[in-house]
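*Asks:* My questions all concern the structure below.
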Amino acid sequence: MKKGYMISLEGGEGAGKTTVLELLIKYLDGHNIEYISTREPGGVNISEKIRDIILDKEHTEMDGRTEALLFAAARRQHLVQKVIPALEAGKLVIMDRYVDSSLIYQGYVRGMGMDEVFDLNQFAIEDLLPDVTLYFDLSPQVGLSRINKDKNREVNRLDLEKESFHQKVREGYLILAEKFDRIEVINAEKPIEQVFDQVIEVLRGKGILNEQ
Ligand code: TYD
């Protein structure tokens, strides 16, 4: 039985998800809140291997449905092996991407349909959805200019897509945010401290953080 809260972080490239995650971790450490922080696709050995297959730049022939199935498979193993045990132990689980990424990237952008991709994922997640999903929203122009400044960042196959792709990603997330109350839109064009403040405010508002 689930006892801890589950938070997922979502957003397009350059939205500052990683930086916010680092700040959040510092914050939780400072307040002695028990948590685990993990990422998708990956988080456990088998899922990290699936991640390598999915993100390999040489795999240009990968079929869309194959990709969707691999993401769902990685997700399933990660949930069973790492996320569910942590939730049962009463820990806060922070997920860097979760099922919404599949709904957007495979369902909406690649055109397999959000409902279809949700049904496929339902087999993997069995109704386990986050208590809150933070969507870091910013224009593709701002996102891409941030990425290009950060030369050390690993560039993966999906990063190589063009700007219209990023526009479509944003469009999809905003549709999802309208549809689901659990999704909170964070203005990620603001300076990082202000982005982080919005995150803390949302988590307090949802009763996930209640320290002084
Ligand atoms: P990653 O380097 O982790 O990207 P980011 O730092 O932006 O989170 O690569 C993950 C990529 O995989 C990212 O482009 C989004 C994509 N993705 C999907 O297409 N479907 C999914 O279900 C997930 C979890 C990720």
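*Asks:* Under Stokes-Einstein, with the Kirkwood radius over Cα pairs standing in for Rh, what whole-number D in µm²/s applies to segment 6-205 at 37 °C and 0.692 mPa s?
*Replies:* Working: Rh = 17.2 Å.
Once the numbers are plugged in, D ends up at 190 µm²/s.
*Asks:* What residues qualify as long-range amide H neighbours of residue 8, i.e. H under 5 Å apart, gap of 5 or more or another chain, H built at 1.01 Å from N?
*Replies:* Result for residue 8 returns 95, 132, 133, 134.
*Asks:* Another question, then. Can you compute the modelled spin-label distance between residue 55 and residue 80, with each label point 7 Å from Cα toward Cβ, in nm?
*Replies:* Output for this residue pair reads 2.3 nm.
*Asks:* List the aspartates and glutamates whose alpha-carbon lies under 12 Å from that of residue 91, not counting same-chain residues fewer than 8 positions away?
*Replies:* 34
*Asks:* Quick check: net charge around residue 91, other residues with Cβ under 15 Å of its Cβ, Lys/Arg +1 and Asp/Glu -1?
*Replies:* Taking every other residue near residue 91 into account, the sum is -1.
*Asks:* A follow-up question, please. Tell me which lysines have Cα within less than 25 Å of residue 179's Cα, excluding those fewer than 8 residues away on the same chain?
*Replies:* Correct list for residue 179: 2, 17, 168, 190, 206.
*Asks:* While we're here: Enumerate the aspartates and glutamates that residue 149 could reach by cross-link, defined here as Cα to Cα under 18 Å, with residues fewer than 8 away along the same chain left out.
*Replies:* Within the straight-line cut-off, residue 149 pairs with 13, 159, 161, 163, 189.
*Asks:* Dipole of the chain, Cα-centred, from +1 at each Lys and Arg C-beta and -1 at each Asp and Glu C-beta, to the nearest 20 debye?
*Replies:* The dipole of the chain has a size of about 280 debye.
Bear in mind that the values in this text are calculations on the coordinates, not laboratory data. Please read all numbers here as calculations on a predicted model, not as lab measurements. FYI the Cβ positions are ideal-geometry reconstructions off the backbone, even for glycines, and counts take in every protein chain you see.
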